[in-house]
Amino acid sequence: MQVPAPFEYERAESVSHAIALLERLGDEARVVAGGHSLLPMMKLRLAAPEYLVDINDLSDELGYITVESDVVRVGALVRHAAMLAHDGLAEHFPIIRDAEHLIADPVVRNWGTLGGSLCQCDPSEDLSSVCLALDAECVITGSGGQRVVPMADFAVGPYQTAVGEAELLTEVRFPIRPGSSSAYQKVKRRAGDWPVAASGVAVRLDGGTVIDARIALTALGVDDAVDATEALVGRPPSEEAFAAAAAIATQVSRPVDDARGSAEYKRHLAGELTVRALRSAVSRALSTTVN
């Protein structure tokens, strides 16, 4: 069994201290929180940092969920279990609870973090698609201050993000939009496994008409939100509209054959899961409007 290469360990006492450590240690330093993203990569020697900067003591600065009138702010150190249990998040963004129920297992959910998931930037990672569907924004902090990066621009390649060498992802912002709701549908082989395929959607209704819709696919070779405007926006929600959007999702998918299934099977799932997610999201949006 392979073991990680030797590394030195530093424990940050604050966000500013963590950034100072990253500046001093240089590009061979990596941040660790839950460790469920980085440590497996180190065991496989896909990552071999010389220094680890532990930010687990920063929960006072990065462990919050704040619901405001037009936005929900989630600190990067919030654990999956806390996101799963938070009723305010579920009320505004049920897609988050859908996805968190399906992420790994209770052990991982109790320790893994939102920031760790997003910064791993794995093409099969659930919360990246959730944030993309919700049009979230990522707050990145460095010694020069903060900058806000749309989720659509956060991933710059597989396992590569817009976070610089001496920067931290500190917050994710989810805009609250009246008349909207969301859902996530996923197929995986067994509990704790990466998805075979998944689809996350967010829709906004006004007067029985879809006025905005976003579809984000997981493990299907699609880097950005699926443009299903033509199929959905300006039309009443219907099975015909859902099928048209699903056809677009299927068409843009670029899955590969691997141990989790054939590319053909995954393309089928892209369409089927998109239809299921649209049904659920629209049902929720209509229920919220009626209530």
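Here are a few things to note about the model shown:
- Each Lys and Arg Cβ is given +1 and each Asp and Glu Cβ -1; about its Cα centre, the chain then shows a dipole of about 940 debye.
- Note: relative contact order over segment 62-175, using C-alpha pairs below 8 Å and six or more positions apart, is 28 percent.
- Positive end of the dipole of segment 164-291 (Cβ unit charges, origin at the Cα centre): among ALA166, GLY221, PRO237, the Cα lying farthest that way belongs to PRO237.
- Less than 5 angstrom separates the built amide H of VAL31 from those of VAL53, all sequence-distant by 5 or more or on a different chain.
- Amide hydrogen proximity for VAL210: with H placed 1.01 Å from N in the peptide plane, the residues at 5 or more positions away or on another chain lying under 5 Å are GLY234, ARG235.
- Length available on full extension from ASP193 to ASN56: 0.36 nm per residue minus the Cα-Cα distance, which gives 46.8 nm.
- Sequentially through segment 140-151, phi angles give Karplus couplings (6.51, -1.76, 1.60; θ = phi - 60°) of 10, 10, x, 5, x, x, 10, 9, 10, 10, x, 4 Hz, Gly and Pro residues having no value and appearing as x.
- Taking the longest Cα principal axis of the chain as reference, the axis of helix 239-252 is set at about 40 degrees.
- Potential extension, SER238-ILE65 segment - 0.36 nm per residue separation minus Cα distance: 58.8 nm
- Once the Cβ-Cβ distance of PHE7 and ARG177 is raised to the sixth power relative to R0 = 45 Å, the FRET efficiency obtained is 0.55.
- Percent RCO, i.e. relative contact order, over segment 192-291, from Cα pairs under 8 Å lying at least 6 residues apart: 30
- Grouping the Cα pair distances of the chain into 10 Å bins from zero gives a pair-distance distribution of 7, 29, 34, 21, 8, 1, 0 percent in increasing distance order.
- Average Cα contact separation per residue, the chain, under 8 Å, 6 or more apart, as relative contact order %: 15
- Reported to the nearest whole Å, the Cα centre-to-centre distance from segment 91-140 to segment 145-224 is 8.
- Three semi-axes describe the equivalent ellipsoid of segment 180-290; taken as square roots of 5 times the Cα gyration tensor eigenvalues and ordered largest first, they are 26, 14, 10 Å.
- Helix 263-290 vs. the chain, principal-axis angle (Cα, 0 to 90°, nearest 10): 70
- Between SER262 and VAL156, the modelled label-to-label distance comes to 3.9 nm, taking each label 7 Å out from Cα in the direction of the beta carbon.
- In the chain, the DSSP beta bridges split such that about 85 percent are antiparallel, to the nearest 5.
- P(r) tail fraction, segment 62-175 - alpha-carbon pairs more than 17 Å apart, %: 50
- Taking the Cα centre of segment 180-290 as reference, the dipole from Cβ charges on Lys and Arg (+1) and Asp and Glu (-1) amounts to some 460 debye.
- In order along segment 126-134, the phi-based Karplus estimate (6.51 cos²θ - 1.76 cosθ + 1.60, θ = phi - 60°) of 3J(HN,Hα) comes to 5, 5, 4, 5, 4, 5, 5, 5, 8 Hz; Gly and Pro are listed as x.
- In nm, spacing of pseudo-spin labels at SER14 and VAL148 (7 Å Cα→C-beta vector): 2.5
- Residue-by-residue Karplus 3J(HN,Hα) for segment 22-28, coefficients 6.51, -1.76, 1.60, Hz, glycine and proline x: 5, 5, 6, 7, x, 6, 8
- As a rough guide to protection, the peptides 128-139, 180-191 ranked by mean Cβ packing within 10 Å, highest first, stand as 128-139, 180-191.
We did not get these values from a lab; they are worked out from the coordinates using the rules stated. Here the structure is a predicted model, which means the values were calculated and not measured. With ideal geometry, Cβ positions are generated from the backbone for all residues, glycine too; neighbour counts draw on all protein chains shown.
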